[in-house]
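Contents: one structure, followed by commentary.
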Amino acid sequence: MSKKTLQMTIDETDYALLAVLQEDGRASNVKLAKHLNLSETPCWRRLKRLEDSGFIKGYQANLDRRLLGFGVLAFVQISFAIHTGDSPEQFEQAIQEIPEVLTCHNVSGDAEYMLQIVSKDLETYEKLLREVIRRLPGVTSIRSSFSLREVKASTNLPLD
């Protein structure tokens, strides 16, 4: 099983390497090489090639939002009345600057955008909506849904 990209083809060993890194982004080259039954230099070359070609976008720690005081997780639908002009582009540029917005997707359906937002509490969330989100270019409607309980949260892709 190999998948062709514009830049390169990745093989089973590359997929295995990516799978290990998804579970443990801090895995050393020695650990990766052992897991893949490779010597360290070829393993490092594979890793470097996957990074350089964009398959690996970066490394980060997964933090517990609740322990850090972010008790509210909201899924927010943003609608525009007018879909032409510079509003969508201006909105997308502005949304990049709001740290509470974890993700922003241009979506199909009733809304133009779906955001995932964290906040300390409902009062802080309401202030963010009133003072920041409502004032973004093009925004005419905001619909929020709140996470009552997180059933599954993962950023790992299904590489099997």
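A few notes on this one:
- Among 72, 62, 90 - extreme Cα towards positive end, dipole of the range 40-102, charges at beta-carbon: 62
- Taking 0.36 nm per residue of separation and subtracting the Cα-Cα distance, full extension of the segment from residue 34 to residue 79 would add 11.2 nm.
- Electrostatic dipole magnitude of the range 58-117 [Cβ: Lys, Arg +1; Asp, Glu -1; Cα centre; debye, to 20]: 340 debye
- Each residue, residue 157 and residue 41, gets one label point 7 Å from its Cα in the Cβ direction; the gap between the two is 3.0 nm.
- Whole-Å semi-axes of the chain's equivalent ellipsoid (Cα gyration tensor): 38, 20, 13
- Residue-span extension gain [residue 96 to residue 131] - 0.36 nm each, minus C-alpha spacing: 11.0 nm
- Protein accessible area in the chain, 1.4 Å probe - carbon and sulfur %: 50 percent
- Mean Cα-pair separation over length for the chain, i.e. relative contact order, pairs under 8 Å, 6 or more apart, %: 24 percent
- Extension gain for residue 121-residue 13 works out to 34.4 nm (0.36 nm per residue, less the C-alpha to C-alpha distance).
The values are calculated or read from the model by the stated rules, or taken from the named source; none is laboratory data. As the structure is a prediction and not an experimental result, all values here were calculated from the model. Cβ sites come from the backbone with ideal geometry, for glycine too, and all protein chains shown count toward neighbours. To get the accessible areas, we keep the full protein, side chains included, count just its heavy atoms, and leave off ligands, DNA and RNA. Shrake-Rupley method; radii C 1.70, N 1.55, O 1.52, S 1.80 Å.
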